[in-house]
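Presented below is the structure to which this report refers.
Any read-out appearing in this document is the output of simple, stated calculations on the displayed coordinates, not a laboratory observation. On a predicted model such as this, the values are computed, not experimentally measured, just so you know. Ideal geometry is used to build each Cβ from the backbone, glycine not excepted, and the neighbour counts take in all protein chains shown.
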Amino acid sequence: MTLKLFNHSPLDAAFAALRQDLIHPDGPRISTMRNYRFAILQYAPGDEFKLRSEVRRLSTDLIANGWVVLSISLQRLLFERIRAAGDDWTRRVIAQERTTAARGRERGLSYLKTKLAPLIEGPDGVSADCSRIIQDFAAANPDRSDRALALIGRAGALYPFFRSSALLRHLDGNTSNVPVVLLYPGTRIGQTGLSFMGELNSDNDYRPRIYS
């Protein structure tokens, strides 16, 4: 039986390429566009736990070499916004969703979209939370502009209520030039298309480089 000594997965290759571009001698090179320091690392939704392991490994390596790394959980930001809406609001939404879903699963999901979308979409949604956190991070590390990285993950928690292309669009110009990498669970379609969780229609509205 022949064993493969170097069996690297697409996720391994994506992180290797990202790491190489981050530690470029002339500073992070995760984008070909000047003053646009965004990138997407696409991975299969089933690789979520492997993804988290790779993120920890990358963060540890960078920090050991003098970097500062910020990790942002979109799941946590969503929960914070739901809690801020209040217990009464949450109980009413849960009760109404159950009633609506009893008449059809899709109807229940459609109702949830109408209630959650205003909390997370648009320039005042979770993108505003991400921007505030990243700008505070940059202000706390003014001497690390070329050795700073923000990783935005747990995007799957926002499925199917949110499109990540909108998140990056609202973040543009609001991150104090800190390199930002969105960890994207989904499927790559062609060179620039991505399908969120491999379920939604392909979104081709992506400017950042895609590592996959």
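The slack in the chain from Thr99 to Ser9, taken as 0.36 nm per residue of separation less the alpha-carbon distance, amounts to 28.0 nm.
The relative contact order of segment 138-185, computed from alpha carbon pairs under 8 Å that lie at least 6 residues apart in sequence, is 60 percent.
Using just its DSSP H runs of length 4 or more, each adding -39500 (n - 2.57), the chain gives a mean residue ellipticity at 222 nm of -14500 deg cm²/dmol after division by all residues. For Leu41, the amide hydrogen comes within under 5 Å of the amide hydrogens of Leu182, Leu183, Tyr184, Tyr211, counting only partners 5 or more places away or on other chains and with H modelled in the peptide plane. Listed values for segment 169-179 are Karplus-derived 3J(HN,Hα) couplings in whole Hz (6.51 cos²θ - 1.76 cosθ + 1.60, θ = phi - 60°), namely 5, 6, 6, 3, x, 10, 10, 6, 6, 6, x, and x replaces Gly and Pro.
What the Cβ-Cβ distance of Lys50 and Arg207 gives, at R0 = 22 Å and to the nearest 0.05, is a FRET efficiency of 0.25. Principal axis analysis of the Cα atoms in segment 114-158 yields extents of 43, 20, 11 Å, listed in decreasing size.
Counted over all Cα-Cα pairs of segment 72-166, pairs farther apart than 23 Å make up 36 percent. Remark: relative contact order (segment 1-116) = 12 percent; criterion is Cα-Cα distance under 8 angstrom and separation of 6 or more residues. Size of the chain: Rg and Dmax of its alpha carbons, in Å, are 18.6, 63. Computed over segment 5-125, the alpha-carbon pair-distance distribution with 10 angstrom bins reads 10, 28, 26, 21, 14, 2, each value a whole percent. Based on C-alpha pairs under 8 angstrom that are at least 6 apart in sequence, the chain has a relative contact order of 32 percent.
What is the gain in length, in nm to one decimal, between Asp172 and Glu106 on full extension, counting 0.36 nm per residue of separation less the C-alpha to C-alpha distance?
Additional length available on full extension: 20.4 nm.
The phi-based Karplus calculation (6.51 cos²θ - 1.76 cosθ + 1.60; θ = phi - 60°) puts the 3J(HN,Hα) values of segment 14-26 at 5, 5, 5, 5, 5, 4, 4, 6, 5, 8, 4, x, 8 Hz, whole numbers, x for Gly and Pro. Scanning residues 5 or more positions from Ser71 or on other chains, those with amide H under 5 Å from its amide H are Leu151, with H placed 1.01 Å from N in the peptide plane. For Asp88 and Lys113, the FRET efficiency from 1/(1 + (r/R0)^6), where r spans their Cβ atoms and R0 equals 22 Å, is about 0.60. The C-alpha atoms of the chain define a longest principal axis, and helix 74-85 lies at about 30 degrees to it.
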